[in-house]
Amino acid sequence: MDFVEILIQPETLGPLWLTTKVLVIAGCFHLLIGILLGYYLTNGQSMMRLIVDFFVTLPLVFPPIATGFILLMLLGRAGLIGRHIPFEIVFSFSGVVLASFISGLPLIVKPLIAALRGDVGKLAETAKILGKSDWQIFWLVLLPNVKKNIAAGWFLALGRSLGEVGITLMLGGNIIGRTNTLSLEIYNSVFTGEFERAIILSSLIGVFSLGIFTALKRLSAI
């Protein structure tokens, strides 16, 4: 079976399309929520900020499969949070998006925090002395000066989301035709002995990863 024949199979196109949709949606959430969280975590100190920072950092230091299990217990139908949500998250497209979002979130928030606590923070202090409001400082001073850090963190977050397996397996369930992303489909192909499919799917992820790597190299050259 040749490359093109495997590539155009519904079993390949389905996970490819699903992964693309997940990356687009999770990437939008990374930009919006990641920037706001980064700003929130550097704008003062409190116990709540410490707790939020802990949960944002957790996916970096806690095994993904264990993180996914905790989320499964919280967001399932009988879970502490899931019972109050009017729609299904676990074993659905929403669960796959949430898994990708959570896995990549620290990689955009942490570089942003580091940038905001550096020389950019001094610019914010100067703007505050000059009478600018917090939102004016955020939009007119901080964002323009950390846009490169945001872009780099965003690409890293997308790369992490692309390769996510553990949390996705727990929240998405690896349901064929519904929640099997490219990464999970590689596992499925190896498990069923379809090594040619696994190679081609890995190549597709490699193309995504190469694009992210190229974007990061261009950012570092600016």
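The values are calculated or read from the model by the stated rules, or taken from the named source; none is laboratory data. This one's a predicted model, so the numbers in the text were calculated from it and none came from an experiment. Cβ atoms come from the backbone with ideal geometry, glycine included; neighbour counts cover every protein chain shown.
Return a yes/no flag: does segment 73-82 have any residue that is in a helix (DSSP H, G or I), under 16 Å from Arg160 (Cβ atoms) and not charged (D, E, K, R).
Residues of segment 73-82 in a helix (DSSP H, G or I): 73-75, 82.
From what's left, under 16 Å from Arg160 (Cβ atoms): none.
No, there is no match, as no residue in segment 73-82 is in a helix (DSSP H, G or I), under 16 Å from Arg160 (Cβ atoms) and not charged (D, E, K, R).
Please work out if Phe93 is of a type outside the set (A, V, I, L, M), under 20 Å from Met170 (Cβ atoms) and surrounded by fewer than 20 Cβ atoms within 10 Å (Cβ to Cβ). Before the answer, list the steps.
Details: of a type outside the set (A, V, I, L, M): yes; under 20 Å from Met170 (Cβ atoms): yes; surrounded by fewer than 20 Cβ atoms within 10 Å (Cβ to Cβ): yes.
Criteria met by Phe93.
Which one of these does Ser100 not meet: (1) surrounded by 20 or more Cβ atoms within 10 Å (Cβ to Cβ); (2) farther than 30 Å from Trp17 by Cα; (3) of a type in the set (Ser, Thr, Tyr)?
(2)
This table checks each residue for (1) closer than 19 Å to Lys110 by Cα; (2) aliphatic (A, V, I, L, M).
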residue: Thr126; (1), (2): no, no
residue: Lys147; (1), (2): yes, no
residue: Ala151; (1), (2): yes, yes
residue: Gly166; (1), (2): no, no
residue: Arg178; (1), (2): no, no
residue: Leu182; (1), (2): no, yes
residue: Ser203; (1), (2): no, no
residue: Phe208; (1), (2): no, no
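Considering only segment 34-81, how many residues are closer than 20 Å to Leu158 by Cα, among the aliphatic types (A, V, I, L, M) and surrounded by fewer than 15 Cβ atoms within 10 Å (Cβ to Cβ)?
Of the residues in segment 34-81, 4 are closer than 20 Å to Leu158 by Cα, among the aliphatic types (A, V, I, L, M) and surrounded by fewer than 15 Cβ atoms within 10 Å (Cβ to Cβ).
Being over 20 Å from Val24 (Cβ atoms), crowded, with 21+ Cβ neighbours inside 10 Å and small (Gly, Ala, Ser) is the requirement here; does Ser189 meet it?
Numbers: over 20 Å from Val24 (Cβ atoms): yes; crowded, with 21+ Cβ neighbours inside 10 Å: yes; small (Gly, Ala, Ser): yes.
Yes: the conditions hold for Ser189.
Scanning segment 206-222 for residues that are among the β-branched types (Val, Ile, Thr) and in a helix (DSSP H, G or I), which turns out nearest to Ala151 (Cα to Cα)?
Ile212
Please state which of the following conditions Thr20 fails to meet, knowing it meets all the rest: (1) in contact (Cβ under 8 Å) with a residue 40 or more places away in the chain; (2) under 30 Å from Ile6 (Cα atoms); (3) among the polar types (S, T, N, Q).
(1)
Every residue, every condition in (1) farther than 25 Å from Ala151 by Cβ; (2) within 15 Å of the chain's Cα centre (by Cα); (3) at pLDDT 95 or above, yes or no:
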position: Ile25; (1), (2), (3): no, yes, yes
position: His30; (1), (2), (3): no, yes, yes
position: Gly44; (1), (2), (3): yes, no, no
position: Pro63; (1), (2), (3): yes, no, no
position: Ile85; (1), (2), (3): yes, no, no
position: Phe101; (1), (2), (3): no, yes, yes
position: Leu107; (1), (2), (3): no, yes, yes
position: Gly118; (1), (2), (3): no, no, no
position: Leu130; (1), (2), (3): yes, no, no
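Given (1) more than 30 Å from Leu75 (Cα to Cα); (2) assigned to a helix (DSSP H, G or I), where does Gly193 come up short, assuming only one miss?
The one condition Gly193 does not meet is (2).
Step by step: first the residues of segment 1-23, then only those that are charged (D, E, K, R), assigned to a helix (DSSP H, G or I) and more than 22 Å from the chain's Cα centre (by Cα), then the one that is surrounded by the fewest Cβ atoms within 10 Å (Cβ to Cβ). Which residue is that? Give the steps one after another, and end with the answer.
Applying the first criterion (charged (D, E, K, R)) to segment 1-23 yields 2, 5, 11, 21.
Next cut, assigned to a helix (DSSP H, G or I) only: 5, 11, 21.
Within this subset, residues satisfying the condition of being more than 22 Å from the chain's Cα centre (by Cα) are 5, 11.
On the way: Glu5: 11, Glu11: 16.
The selected residue is Glu5.
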